[in-house]
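A quick write-up on the structure given underneath.
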Amino acid sequence: MVSIKDVAEAAGVSTATVSRVLANKPHIRAEVRARVLATVGSLEYRPNLVARKLRSQQSSTIGLLVSDIRNPFFSAISRAAEDAAYEHGFSVLLCNTDENHEREALYLQVMQDENVAGMIVSPTEHLLAQFSAVRPVVPTVLIDRSLKKSDIDAVLLDNAGGAYALTSHLITQGYQRIAAIFGMASTTGLERQNGYEDALREHGRLPNPSYIKYVEPRREMGEIAALDLLTRPRPPDAII
């Protein structure tokens, strides 16, 4: 393995100069900088990032915890986070929690042990309930779910407003039997249900419990629930 000493000897400079060039420090002659970088390339030298991080107490890694990477919503978030991080010279360490609070706790500890620069977290309900006790020591942004009465930044969807708009659209198009599937025991599911029911009531309808299903927030569970609703007998003269 090529060391920084090997680079320094090949370039005819000190190891301190190589370190300054790699760290993009000022006050280095252009000719020296070019020679060191050319030597780094020819020798295929890779800096010891762990050692560098320990020395500087800084990291160029951002932790990203999502609840289900198979969910297209979180796949899109992961891609967007990675693209944005790359543009700013950062990398992303991705962990999938599967809505399991024990895995989540493990990954949160790993992130802090790795001294990441910050974290983006889609929290489980358990983490939200315990957040004051396990609050990360690195800068953290929550996604998809928020912590009420907290100074933790969060990037969220308008769950209630979106469900209200969707339901209202179907009603104005003349549909009568409007079913809904919500995440089981989740804040996002509750917000969406509130929007759905508000739209029904505003248009003079009462929510029908037989048209509402609660499922674990997984695609396959949603598919099963949707098929069950779609295959139910249709009352005579009813508009779907």
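If both residues of a DSSP beta bridge must be in the chain, then about 0% of such bridges are antiparallel.
Principal-axis analysis of the Cα atoms of the chain puts helix 219-230 at an angle of about 20° to the longest axis.
Quick check: net charge around residue 210, other residues with Cβ under 12 Å of its Cβ, Lys/Arg +1 and Asp/Glu -1? Can you show the working numbers first?
Working: positive: 177, 213, 232; negative: 228.
Charge balance near residue 210 sits at +2.
Which semi-axes, in whole Å and largest first, does the equivalent ellipsoid of the range 58-168 have when worked out from the alpha carbon gyration tensor as the square roots of 5 times its eigenvalues? Please report the intermediate quantities before stating the final value.
Numbers: eigenvalues 107, 63, 35 Å².
Computed over the range 58-168, the values are 23, 18, 13 Å.
Return one number: the angle in degrees, 0 to 90 and rounded to the nearest 10, between the long axis of the Cα atoms of helix 101-113 and the longest principal axis of the Cα atoms of the chain. The angle comes out near 20 degrees. Across every pair of non-identical alpha carbons in the range 158-209, the mean reciprocal distance, once inverted, gives a Kirkwood radius of 10.9 Å. Calculate for the chain the 222 nm mean residue ellipticity that helices alone would give, adding -39,500 (n - 2.57) per DSSP H run of length 4 or more and normalising by residue count, nearest 500 deg cm²/dmol. So the calculated ellipticity at 222 nm is -15500 deg cm²/dmol. Each residue of the range 152-168 was assigned a 3J(HN,Hα) from its phi angle through the Karplus curve 6.51 cos²θ - 1.76 cosθ + 1.60 (θ = phi - 60°); the sequence is 6, 5, 8, 10, 10, 8, 8, 4, 5, x, x, 5, 4, 5, 5, 5, 4 Hz, with glycine and proline shown as x.
Of the residues 25, 5, the one with the largest accessible area comes first in the ranking 5, 25, computed with a 1.4 Å probe on protein heavy atoms.
Protein heavy-atom accessible surface, 1.4 Å probe, per residue over the chain: 62 Å².
Compute the semi-axes of the equivalent ellipsoid of the range 119-199, taking the square root of 5 times each eigenvalue of the Cα gyration tensor, and list them largest first in whole Å. Please report the intermediate quantities before stating the final value.
Numbers: eigenvalues 202, 28, 15 Å².
Ellipsoid half-lengths, sorted descending, are 32, 12, 9 Å.
Taking amide H as placed 1.01 Å from N in the peptide plane, the amide H of residue 60 sits under 5 Å from none that are at least 5 places away or on another chain. Could you identify which residue out of 121, 18, 66 has the top mean-square fluctuation in a GNM of the chain using Cα springs shorter than 10 Å? Looking only at 121, 18, 66, the biggest GNM fluctuation is shown by 18. Sequence-ordered 3J(HN,Hα) estimates for the range 17-31 from the Karplus curve with 6.51, -1.76 and 1.60 and θ = phi - 60° stand at 5, 4, 4, 5, 5, 5, 8, 6, 6, x, 6, 10, 4, 4, 5 Hz, glycine and proline given as x.
The values are calculated or read from the model by the stated rules, or taken from the named source; none is laboratory data. Remember, predicted model here, so these are calculated numbers, not experimental data. A quick note on method: Cβ atoms are made from the backbone with ideal geometry, for glycine too, and the neighbour counts reach across all protein chains shown. To get the accessible areas, we keep the full protein, side chains included, count just its heavy atoms, and leave off ligands, DNA and RNA. Shrake-Rupley method; radii C 1.70, N 1.55, O 1.52, S 1.80 Å.
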